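Trainee: Next up is a structure, given as structure tokens.
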Amino acid sequence: MKRARPVTIKDIARELNISVATVSRAIRNSYDVSEETRNRVLEMSKDLNYRPNFNATGLVNHTSHNIAVILPHITSYYFSTVIAGIQSIAYKNGYNIILHLTDESAEREVIIARDLSLSSIDGILVSLTSKPEKCDHLKEIMNQGVPLVLFDRVAESIHASKVMQNDYEGAFVVVEHLIKSGYKNIAHITGPHGPSIIKHRVNGYLDALKKYNLTVNEEWIIHSEFNMLSGREDVKKLWNNKNKPDAIFAVNDKKAVGAVLELKEKKVVIGKDVGVGGFTNDPLAAIISPSITTYEAPALEVGQQCCELLLKHIKSSNFQPREVVIKGRLIVRESSKK
């Protein structure tokens with residue numbers, strides 16, 4: 001069976017009795033085409049099932065309509081939701097996304113960045129590993145004129161657009177809620193040293209304690225990995241101390257779930273004996289019993305806004321870097337009720 005010939009802008013021009021150039025400008029949303037003509041072209045494009053040939057336009061405009069996304073992993077609720085946000089904006093604007101996973105390896109991040117075929121991508125979105133290096137590999141990319149936007153885990157040393165949730169405020173709000181709920185001895189099980197999100201969440205935790213004149217116990221601030229197992233191990237370390245906390249703020253909900261499981265194993269009554277607060281609003285936090293109080297990180301909006309910013313950089317080399325911080329919200333559940 002002979003394959004049908006794909007519809008071209010010549011076919012649209014012939015059907016509407018207008019020039020090919022006018023059709024091309026209408027599809028590209030050029031300023032010198034009237035709204036009426038543009039709508040006619042778009043309607044006919046839909047009727048004829050026209051699909052732009054990005055390979056052909058790319059050769060002319062030196063674009064690929066591909067965006068590279070470099071991130072630590074996709075197994076967490078947060079990052080999978082961020083990807084959904086990125087994808088929704090990218091596809092809406094005719095771009096494909098190419099995922100590269102670092103698996104929390106700074107070395108792998110460098111290799112991925114330096115192995116990228118820069119001629120095959122129009123821009124890059126990056127969330128750094130839990131152990132960020134000097135980021136020279138990203139600066140090298142930017143020096144070659146490739147637009148780059150950082151999201152979630154960012155680097156202060158890079159002058160680029162950045163999109164983050166409000167890590168400081170989220171930590172402060174959760175810890176303040178625990179204090180107002182009657183807990184006075186609050187520990188913080190946090191992530192590895194290095195990432196900006198860790199610094200901001202630790203500072204939010206510390207400032208909330210200081211606001212209410214509560215003692216900061218350095219033994220109650222434990223740095224480890226972001227996973228559930230680390231949450232359990234951190235609780236074991238806390239319970240090995242003579243002085244034990246009456247509440248725990250976890251850097252993310254996976255660690256909070258790990259903390260709850262370990263506390264239950266130790267016959268500690270969550271809420272009544274020890275309060276627990278997390279960060280992200282992972283579905284696990286709502287499913288586990290007792291459910292976990294958390295700060296909802298706006299992951300979908302982070303993905304959407306970082307992609308929108310990248311597209312602005314792609315379309316205009318003069319677009320100046322911006323820093324966007326998106327607020328989340330406190331979600332109170334059973335784990336913080338005495």
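The values are calculated or read from the model by the stated rules, or taken from the named source; none is laboratory data. In this text, all values refer to a predicted model and were calculated from it rather than measured experimentally. Note: ideal-geometry Cβ built from the backbone for every residue, glycine included; neighbour counts use all protein chains shown. All accessible areas refer to the heavy atoms of the entire protein, side chains included, with ligands and DNA or RNA removed. Shrake-Rupley method; radii C 1.70, N 1.55, O 1.52, S 1.80 Å.
Trainee: So how many residues does the range 264-317 have that are assigned to a helix (DSSP H, G or I), hydrophobic (A, V, I, L, M, F, W, C) and more than 21 Å from Ile179 (Cα to Cα)?
Mentor: 12
Trainee: Further question: Could you please let me know if Glu225 is exposed (fewer than 15 other Cβ atoms within 10 Å of the Cβ) and out of contact with any Ser or Thr (no Cβ under 6 Å at 6 or more places or on another chain)?
Mentor: no
Trainee: For Cys306, only one of the following conditions fails: (1) under 19 Å from Leu150 (Cβ atoms); (2) open to solvent by 10 Å² or more (accessible area, probe 1.4 Å). What is its number?
Mentor: Failing condition for Cys306: (2).
Trainee: Next question, about the same structure. Looking at the range 178-195, which of its residues are in a helix (DSSP H, G or I) and open to solvent by 30 Å² or more (accessible area, probe 1.4 Å)?
Mentor: Lys180
Trainee: Can you pull out every residue in the range 130-142 that is in contact (Cβ under 8 Å) with a residue 60 or more places away in the chain and crowded, with 17+ Cβ neighbours inside 10 Å?
Mentor: Selection gives Ser130, Pro132.
Trainee: Report, by residue number, each residue of the range 296-338 that is farther than 15 Å from Phe279 by Cβ and among the polar types (S, T, N, Q).
Mentor: Passing the criteria: Gln304, Gln305, Ser316, Ser317, Asn318, Gln320.
Trainee: Could you list, in sequence order, all residues of the range 81-115 that are farther than 19 Å from Phe151 by Cα and hydrophobic (A, V, I, L, M, F, W, C)?
Mentor: Once the filter is applied, which keeps residues that are farther than 19 Å from Phe151 by Cα and hydrophobic (A, V, I, L, M, F, W, C), the range 81-115 yields only Ile111.
Trainee: Please verify whether Gly170 is open to solvent by 30 Å² or more (accessible area, probe 1.4 Å) and touching a residue at least 60 places away in the same chain (Cβ under 8 Å), treating the condition exactly as stated.
Mentor: no
Trainee: Let me ask something else about it. Please work out which residue is farthest from Gln305 (Cα to Cα), limiting yourself to the range 69-112 and to residues that are acidic (Asp, Glu) and open to solvent by 50 Å² or more (accessible area, probe 1.4 Å).
Mentor: Glu107
Trainee: Of Ile248, Ile198, which residue is aliphatic (A, V, I, L, M), assigned to a helix (DSSP H, G or I) and either open to solvent by less than 10 Å² (accessible area, probe 1.4 Å) or closer than 18 Å to Gly328 by Cβ (or both)?
Mentor: Unique residue meeting the criteria: Ile198.
Trainee: Which one of Gly303, Gly258 is touching a Leu at 6+ places or on another chain (Cβ under 7 Å) and modelled with pLDDT of 95 or more?
Mentor: Gly258
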